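Everything below concerns the one structure shown next.
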Amino acid sequence: MTHANAPLTPEGRKRLALLITRDGWSVRRAAERFQCSPATAAKWAQRFRAGLPLTDLSSRPHLSPNRLPQRTERRVIALRCTRRWGPHRIAFHLGLQRSTVGRVLARYRMPLLTELDQATGIRVRKSVVKRYEVDRPGRLIHVDVKKQGRIPDGGGHRMLGRQAGNRNNKKQGRGYAFLHHAVDDHSRLAYSEILGDERKETAAAFWIRANDYFRSVGITVTAVMTDNGSCYRSRAFADALGDIRHKWTKPYRPQTNGKVERFNRTLEAEWAYIAVYDSDEARAATYQDWIHHYNHHRPHTGIGGSVPADRVHNLTGKNS
């Protein structure tokens, strides 16, 4: 497309070419008349003689030998559509560069993940996401509890099917497990345990262990954010915090504690329901391995494709 300040529009190029091809002007004289180089004048005259359009042609090459194979591009799009992964996660999974995956997604006009409805995957909004992030590890830790149904012995509906699985669950229902999380705001480093309840004593003891973990990797915690659950309003949890500042989320606004809420979604998609288990113990046995993978190996889009361990300078065994 001709830019606004171009000295030769398509009509001007035609007039230039006519002076040379029809009126017999020399290339140099016509170039002086239209204040362009003789090479430019000769180019448009030659194109006019050949019957070609006098518009700017695309600079795209006819062949792109280094472009990804179409099969790989289809794998990129399939992962985006079925698993709702971002470019960093897809690139890590397929062994590609993040920029390469980004170009594929842009070429196929894939919407941003923030624009999708999480249940259906349909684009429902054009949003601008405003993120906040503290400037160093430990300045803010997000703490929460995720309630998760236990898998009955013999398997649930994912293993046995909906009808048989529900029948098995009614006979051998095992209630719920409570996943207690502590996620660092700056690095996204996570400490998590599967516990039996969300009572105040349990939440307080969990925080003591979580704080010991953060201290062991060189993170000094100065503030903790929780929702307004009764276990977090208790004297036992306040005593466990000690001098650490306790911040609260706004009522009915889980987005305030968004980083740990996003962690909940990630573990559901990439751990809890990614495989089929025949018991709750079998699934729970894989949890700490997944936490290690999350902290040390899984790229995180929110921190520029780094892994949480990359943002904790004193963390040992980063690549173990």
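A short reminder: the numbers here are calculations on the coordinates, not readings from a lab. Being a predicted model, the structure only gives us computed values, none of them experimental. Quick reminder, even Gly has a Cβ in these numbers, built from the backbone with ideal geometry, and neighbours come from all protein chains shown.
Per DSSP helix of 4 or more residues, -39500 (n - 2.57); summed, then divided by the residues of the chain. What does that give at 222 nm, rounded to the nearest 500? Kindly include the intermediate steps, with their values, before the conclusion.
On the way: 13 runs with 127 residues, N = 320.
Calculated mean residue ellipticity at 222 nm is -11500 deg cm²/dmol.
When the chain is treated as a GNM with alpha-carbon contacts under 10 Å, the residue of Leu179, Leu113, Leu16 showing the greatest mean-square fluctuation is Leu16.
Let me make sure I get this right: for segment 70-115, a, b and c are the square roots of the gyration tensor eigenvalues over alpha carbons, sorted descending. Under 1.5 in a/c it's rounded, otherwise prolate if a/b > b/c, else oblate. Which is it? Mind dumping the intermediate values first?
Values: a/c = 1.33, a/b = 1.23, b/c = 1.08.
Because its axes are fairly even, with a/c under 1.5, segment 70-115 counts as rounded.
Here the translational diffusion coefficient of segment 141-311 follows from Stokes-Einstein with Rh set to the Kirkwood radius across Cα pairs; for 20 °C and 1.002 mPa s it amounts to 125 µm²/s. Derived value for the chain: Kirkwood hydrodynamic radius 24.5 Å. Basis is the mean of 1/r over every pair of different alpha-carbon atoms. Relative contact order for the chain: 14 percent, from Cα pairs under 8 Å spaced at least 6 residues apart, divided by residue count.
When +1 charges are put on Lys and Arg Cβ atoms and -1 charges on Asp and Glu Cβ atoms, the dipole computed for segment 141-311 relative to its Cα centre reaches about 620 debye.
Principal axis extents of the C-alpha atoms in segment 10-49 (largest first, rounded to whole Å): 19, 19, 15. Along segment 48-65 the Karplus relation, 6.51 cos²θ - 1.76 cosθ + 1.60 evaluated at θ = phi - 60°, assigns HN-Hα couplings of 5, 4, 7, x, 8, x, 8, 10, 5, 7, 5, 7, 5, x, 5, 10, 10, x Hz to successive residues, with x for each Gly and Pro.
The ranking of Ser59, Ser192 by Cβ neighbour count inside 10 Å, starting from the fewest, reads Ser59, Ser192.
Rounded to the nearest 20 debye, the dipole magnitude of segment 10-49 is 100 debye, with +1 charges on Lys and Arg beta carbons, -1 on Asp and Glu beta carbons, and the Cα centre as origin.
With both partners inside the chain, how many of the DSSP beta bridges are antiparallel, as a percent to the nearest 5?
Working: 16 of 22 bridges.
Around 75 percent antiparallel, to the nearest 5.
Residue order for Arg89, Arg235, Arg298, Arg83, fewest other beta carbons within 10 angstrom first, comes to Arg235, Arg83, Arg298, Arg89.
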